1. Mind scanning A:LYS51/B:LYS16; A:LYS176/A:LYS255; A:LYS51/A:LYS159; A:LYS179/A:LYS282; B:LYS16/B:LYS357; A:LYS255/A:LYS282 and naming the pairs with a C-alpha gap bigger than 27 Å?
2. In the structure shown, do any of A:LYS76/B:LYS358; B:LYS184/B:LYS257; A:LYS58/B:LYS184; B:LYS264/B:LYS305 have a Cα-Cα gap over 28 Å, and if so which?
3. How large is the charge dipole for the protein assembly as shown, taken about the Cα centre, if only the Cβ atoms of Lys, Arg (+1) and Asp, Glu (-1) carry charge, to the nearest 20 debye?
4. Let's see if you can work this out: charge +1 on each Lys and Arg Cβ, -1 on each Asp and Glu Cβ, no other charges. What is the dipole magnitude of the stretch A:34-328 about its Cα centre, in debye to the nearest 20?
5. So how long is each side of the stretch B:284-344 along the principal axes, counting just the alpha-carbon atoms, biggest first, in Å?
6. How big is the stretch B:326-375 by Rg and Dmax over its Cα atoms, in Å?
7. Could you quote the convex hull projected area for chain B, Cα atoms only and averaged over all directions, in nm²?
8. To the nearest whole percent, what portion of all C-alpha pairs in the protein assembly as shown is separated by more than 39 angstrom?
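Laboratory data are not the source of any read-out in this text; all were calculated from the coordinates shown. Just so we're clear, the structure is a prediction, and the values are computed from it rather than from any experiment. Cβ placement follows ideal geometry from the backbone for every residue including glycine, while neighbour counts extend to all protein chains displayed.
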Amino acid sequence: MKAHRKILTVGLGLNLAWVTGCQSDYPALSPAHLDFSDGRVTDSIGSSLWKDFRQSRKLLEAWSPVPDSPWTPFAKPTLFSALDEIGSKVQPIYTPAAQAAEVQARNFARHERVPNNTMLIVDLPGEETVVWGVALARECKLQPVATFNNWPHQRGILKAERVLGALLYYAAEMDKLKKAGALSSAARPVLMMDSNRLGLAKTVKDTDFDNRYYLLESDLPSSAQLKSAGIEHILYVGSNQDVQEEQDDLNPYFKALHDSGIDFAILSAQAYTDKGAVLAAKERRESGYYHRSGSHFPWWLLYYAGRGHTPIPRPTLFSGTPAQGASRRFIRTSAGGFGGYHGIQSGSGG
Amino acid sequence: MLLSELVTSLSTDYFKWDCYINGRCCVSATPVFLRRQDYEELVSLARQFDRLIKKTIQMVMENTALRRPFGFSRVEQQALDSDRGRPSRYVSLVARYDFCQTYKGQWKAAEFNTDVPGGHPEAVGLNQLLGREFPEHYNPDHLLAALQQALVGDSLDKTVAVLYATGFSEDLQVAQLIRNYLTKRGIRTLLGSPINLQRRGNHAELFGERIDVIYRYYPADWLSALAYRPRQEFLRICSDLTTQVNPFAQIICQNKKISAFWWKQQNLFSRREQDLIQKHVPRTIGFRRDRQHEYKSRQAELVLKRAHGRMGEQVLLGDCATPEEWAQALADIAAYEPEQWTVQEYFHTRPVLHEDKKMYPCYGVYVIGGEVAGLYTRLSPTPRTAYDALNVATLVV
């Protein structure tokens, strides 16, 4: 077995070794075992141009903010870098859930107005958040900013490859939008977050690869950075009808922004499933009853499903200090994925 | 090279994904040029400290009474015990020693990163990408080649497991850089967390594959965060079945109390070693509650360091703190964990001009298997080097 492996790996590199025949020897670690179900032959513009984006650098370029965009520092290249490891096994993914998200995102983007002083944070399951990012770029000329910050693994808690597949599905379209000049460096951002990142619904076993992650304040734009770009409001898009608050990792960030004068509203993506309801609400708003202006009129009432939100400090998975044991709830259930929680920057190296 | 191109190349080719922190770019397209004389001095010092550290570790491992002043946790003690007498304690070790230069030109050792030294993507990526633009200057980087030697020697048959906290992309950067390098050279390399490691008869496996060598990029002081059973299993596997780089014994010198230990126990060392300590290690003592008043009055001359601090975390420079901050820190330490802190004499680092800005450099010298393997240089706007320092390539002129 050793000799066989050596012949395959020497001089060929990891991708080829994985692709060409180690599967029987090493079933646990193979791109072939990543989940690319619902893979498509064509991409979002009905072409096979997605094949041109099967390199990390190409895909990253398609999705990176345009040159001189103030949002470049917040776009995470992490997941994109996994593409060179996966190689030819990668597929563009478009699922029924993404199809539904496409309808919701389109209804939102076409019938709601996003003013210049508003930033969107879309915190939906990864593939759906990508759909929203593209729809908002296409319809509203917003700049999608990817925050996906870990890699896929065959034993992964997160199926990060699904997000990668969705990014690939829309890569040619994003590239075209950028090349056509549809997105300017002044475009407002839409932060794309994978709502599964904390993997709260999962029970982690020793045989799982814990590729969950959390976002820190240092990963996201500060209030000063937002204000210098004219952003005063944040619209947080969650998945469920009953989304009440931001995810645990975002709580300190939201609280800090709120304390410095940034307003928040929450809305549910699902609320935008029915175009008729959205249009009817829009008509009601515009026909008078809700059509008001003035400093006392809440900005979020302009949105069909918007609700005001005041982030307050609350006990989260990350509350307290490791010394107090408070953050252990997350760490203890993490299959070694998180050694200790750091509020500014994570990581272990000295 | 344009900064934007540098950032893209670092992220796609060297797995450096956190070029921005707090929205600010933390890499520079302008290298730092180190005089050959300074470089040679650093190389010599790093080798000397490497020998001193090996000797210290051996001493402390063999005489458990010497462990007391370090205040190791129960889990750390267990890890050290699991390391006693095993052959891998003497394998090639991977360390990075951080030095700063004073106004008088003397080098001072700021930190000894002997457990899980980081900075690989920055040290390798920046030097390779920017070194090409200055072929006339010496590029000291051969970190990954040296690491390969330390892990598997000339063998292509060994399987390496890089164990790290898999939820942190900052650590995946390092793990993936190493895996990518080794795999391209025909060495099977797997990634996982310590918990993923399993015993199968008389060998260890990671996700069902037999492994021969562990590269532990998981700090020993984080072991206490693991659940009891998997932690015990991990310690047993490291103790009985595999070679581990670095062995747990390395935490002895990772502990910030090592400087206090050297100053206090100079009689255990040769005249030459004492000279090295006195000249290059800032005078350090363990924090004492009864000397708070003195610490308060000498604020500008002192630095407080926590035994397990990393990347400038839990380090307070009196010179950079307000009197209120300093007093509060002293009071908190005295009240809650005096045994975890050291008090070190402050030295003034000589700044350099970098892109027209006054910056304080910290030169990290990698030593692998006793030999210097590269440099990781960070520039900070203040004398304290922390996570948000500017990472720069280092070339020798």
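1. A:LYS176/A:LYS255; A:LYS179/A:LYS282; A:LYS255/A:LYS282
2. In this structure, A:LYS76/B:LYS358; B:LYS184/B:LYS257 exceed 28 Å between Cα atoms.
3. Taking the Cα centre of the protein assembly as shown as origin, the dipole is about 1160 debye.
4. For the stretch A:34-328, the charge dipole is close to 480 debye.
5. The principal-axis extents, from largest down, are 26, 23, 19 Å.
6. 17.7, 44
7. Convex hull of Cα atoms, orientation-averaged projection: 19.8 nm².
8. Value for the protein assembly as shown: 37 percent of Cα pairs lie more than 39 Å apart.
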